[in-house]
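Just so it is clear, none of the values below were taken in a lab; they were calculated from the coordinates. Everything quoted here is computed from the prediction, not taken from an experiment. Glycine also receives a Cβ, built like all others from the backbone with ideal geometry; neighbour counts cover every protein chain displayed.
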Amino acid sequence: MANSRELKKSIKTVSSTKKITSTMEMVATAKSKKAYDRIHALAPYASKLKELMGDMSAVGSVDHPLLRSPEIARHVTFVVITSNRGLCGGFNANLLRNFVKRYKQVKDEGTEIELVVIGKKGNGFFKFAGIKVDHAHTDLDDTVTYSRTEEIVDYLIDSFVDEKTDRVEIHSNRVKSSATTLMSESVLLPLQLEESVEKGDSGAQANVDYLFSPDPKTILVNLLPLAVKTNFYREVIDSMAAELIARRLAMKNATDAATDMVKDLSRVYNRTRQAAITQEIAEIVGGVEALK
C-alpha cells in the first residue's frame with residue numbers, strides 16, 4: 001500500500017487534472033452554444049434554397065452538369081471531416097472505423113477513389129494506415145467561414161462537372177441535439193432535386209403556373225452551385241459543432257471520474273494516516289511499559 005506522502009501527491013495531481021478538464025468543459029460548452037446557433041441560423045436559408053430548387057424541378061426535366069447521375073460510378077471522391085484536436089472521446093475513432101469499411105467496400109468493387117480529408121486527426125490516421133490522402137485541409141476549426149469552405153467545394157464541383165469523378169460522398173459527425181451527436185454519410189454530388197408539392201384545400205396537388213425571369217436554366221446555373229456550396233458549408237459547421245459537444249461530454253466524464261478518484265484517494269489517505277498515528281501511539285505506550 002502507498003504511504004501517506006505518495007497518496008497526498010496523487011490527490012494533488014488528480015485535483016490539478018480535474019481543474020484542467022473542468023475548464024475545458026466550460027470552454028467547450030460556450031463554443032458549442034455558438035456553433036449550435038450557427039447551424040440554426042443557416043437552417044431557414046438552406047430550407048428556402050431547397051424549396052426554390054423544388055420549384056425548379058416542377059417545371060420539368062432540367063439538364064445541368066451537377067445533376068449528372070451515371071448508372072455506374074467509376075470514380076468516387078470521399079470527403080472525411082474530422083477534428084484537429086483530440087480529447088473528444090470516440091468522435092474521430094468511431095467515424096474513421098466506419099469509413100474504412102465503406103472505403104474497402106468501394107475499393108473491392110474496382111472503383112477509383114479520391115480521398116479529401118479535413119482535420120489533422122483524419123490526416124494522421126490515414127497516413128498511419130497507409131491509405132493515400134489526395135487533399136488534406138488541416139486549418140479549419142469552429143470559426144471556419146463560408147468563403148474558406150467555398151475554396152474546397154469549388155474543387156469538388158469542378159471535378160464533378162469535368163467528369164473526373166462521378167460521385168462525392170461526405171463522411172462526418174452531425175449534431176443530433178445539444179447533448180448528442182451521430183455519424184453521417186451523405187451524397188454531395190450529384191445533387192438531388194426534390195420536387196415541391198403544393199396542396200390545395202382538398203389535399204390534392206394544386207396546379208401552379210410558374211413565371212421565371214430569366215429563364216429556369218439561367219436561374220439553375222447560379223442556384224445549383226449555390227445549393228451545393230451551402231450543403232457543404234452546413235456539413236462542415238455541423239461537424240465542428242458535433243466535435244465541441246463530444247469534447248464537452250468527454251471533459252465532463254473526465255471531471256466526474258477525477259472527482260470520484262479524489263474521494264477514493266482521500267479515503268485511503270485518511271485510513272493510512274490514521275493507521276500510522278495508531279501505530280505510533282502503540283509504540284509509545286509499548287516504550288513506556290518497557291521502562292517500568
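Computed over the alpha carbons of region 70-121, Rg followed by Dmax gives 12.9, 42 Å.
Spherically averaged projected area of the convex hull of Cα atoms, region 50-155: 9.1 nm². Computed from label points 7 Å out along Cα-Cβ, the spacing between N222 and E185 is 3.8 nm. Using the Cα centre of the chain as origin and beta-carbon charges of +1 (Lys, Arg) and -1 (Asp, Glu), tell me which of L265, G287, A73 is placed farthest towards the positive end of the dipole. With unit charges placed on the Cβ atoms, the residue in question is G287.
Taking the longest Cα principal axis of the chain as reference, the axis of helix 146-161 is set at about 50 degrees. The string of couplings for region 16-29 from the Karplus curve (6.51, -1.76, 1.60, θ = phi - 60°) is 5, 4, 4, 4, 5, 5, 5, 5, 5, 5, 5, 5, 5, 5 Hz, one whole number per residue in order, with x for Gly and Pro.
Placing +1 on each Lys and Arg Cβ and -1 on each Asp and Glu Cβ, with no other charges, gives region 88-204 a dipole about its Cα centre of roughly 960 debye. Most tightly packed first, judged by the mean number of other beta-carbon atoms within 10 Å of their residues, the peptides 124-135, 7-18 read 7-18, 124-135. Which angle from 0 to 90°, rounded to the nearest 10, does the C-alpha axis of helix 120-129 make with the longest principal axis of the chain? Approximately 90 degrees, to the nearest 10. Couplings 3J(HN,Hα) of region 81-90, computed from phi: 9, 10, 9, 8, 10, x, 6, 9, x, x Hz, in residue order, whole Hz [Karplus 6.51 cos²θ - 1.76 cosθ + 1.60, θ = phi - 60°; x for Gly and Pro]. Placing unit charges on each Cβ (+1 for Lys and Arg, -1 for Asp and Glu) gives the chain a dipole about its Cα centre, and among F125, V14, H135 the Cα reaching farthest toward its positive end belongs to V14.
If you run the Gaussian network model on the chain, springs between alpha carbon atoms under 10 Å, then out of S172, S186, S213 the most flexible one is S213.
Only Cα pairs under 8 Å and 6+ residues apart enter the sum, and on that basis the relative contact order of the chain stands at 33 percent. Modelled spin-label separation between K33 and K101, with each label point placed 7 Å from Cα along the Cα-to-Cβ direction: 3.7 nm. Dipole size of the chain about its Cα centre, with +1 on Lys/Arg Cβ and -1 on Asp/Glu Cβ: approximately 2200 debye, rounded to the nearest 20. Basic side chains Lys and Arg get +1 at the Cβ, acidic Asp and Glu get -1 at the Cβ, and with that the dipole of region 134-177 about its Cα centre reaches some 340 debye. Relative to the longest principal axis of the Cα atoms of the chain, the long axis of helix 216-291 makes an angle of roughly 10 degrees. Measuring nothing but alpha carbons in the chain and taking Rh as the Kirkwood radius, the Rg to Rh ratio lands at 1.24.
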